[in-house]
Amino acid sequence: VMSYDTGAFFYLLKPVDNDKLQSILSRSVKEIEGRRKQGIAVKMSDGIKFLRFDDIMYAELKERAVCYTLGDGSHVRGQCLRVPFREACSELLKDSRFVLCGASFCVNLGFVKALEKNFIVFKNDARLSLPQKAVINFNTQWLDFWLKERK
């Protein structure tokens, strides 16, 4: 039962067969590369831009549009929304890295460094205010992400 909790990719029995090890390593690299290619197409006023999930630090509702803040500090603004924010972020929320924080933020847990009182602290030391009523739920989801779902 414990092995399932750790998210083990595969098991090898000793003595390790070199061909089997190479096969497992190859499969795991393909899985990681596939995860890195996941993303969303953002419709902007001047075209469409593909954003990889690994690059999105958080998305926020700003002036009736979803604005994406990327890990490199840049921003991408989508077109004005015609649907609720939660629906606009539905593709992000299908991925275990993302969590909805209140009504207007969707955060990539992979970028979170700490939770201090009601502030999310990102790896680049940027801070995002979290509604007090969302702190406990966010903390639970963040810990769950790192303990169970991080691969």
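Please treat every number below as a calculation from the coordinates, not as lab data. Treat the numbers as computed from the prediction; the structure is a model and nothing was measured. Cβ sites come from the backbone with ideal geometry, for glycine too, and all protein chains shown count toward neighbours.
Can you tally the net charge around Gly78? Count Lys and Arg as +1, Asp and Glu as -1, for every other residue whose Cβ sits under 14 Å from the Cβ of Gly78.
Its environment carries a net charge of +1.
So, counting K/R as plus one and D/E as minus one, what does the shell of residues with Cβ under 9 Å around Ile120 add up to?
+1
Under a 5 Å amide H to amide H cut-off, with H placed in plane at 1.01 Å, what residues pair with Phe119 once short-range neighbours are removed?
For Phe119, whose amide H was placed from the backbone, the distant partners under 5 Å are Leu130.
Rounded, prolate or oblate: which fits region 69-151 when a ≥ b ≥ c are the square roots of the eigenvalues of the alpha-carbon gyration tensor, with rounded for a/c under 1.5 and prolate only if a/b beats b/c?
Taking the square roots of the gyration eigenvalues as a ≥ b ≥ c, region 69-151 is rounded.
Counting Lys and Arg as +1 and Asp and Glu as -1, what is the net charge of the other residues whose Cβ lies under 11 Å from the Cβ of Val135?
For residues surrounding Val135, the net value is +1.
Please list 3J(HN,Hα) in residue order for region 44-61, calculated via the Karplus relation 6.51 cos²θ - 1.76 cosθ + 1.60 where θ = phi - 60°; whole Hz, with x for glycine and proline.
10, 5, 10, x, 10, 10, 8, 10, 6, 4, 4, 9, 7, 7, 6, 10, 9, 7
Would you kindly derive the ³J(HN,Hα) couplings of region 70-86 from the backbone phi angles with the Karplus curve 6.51 cos²θ - 1.76 cosθ + 1.60 (θ = phi - 60°), listing them in order in whole Hz, with x for Gly and Pro?
9, x, 7, x, 7, 10, 10, 10, x, 5, 4, 6, 10, 10, x, 4, 4
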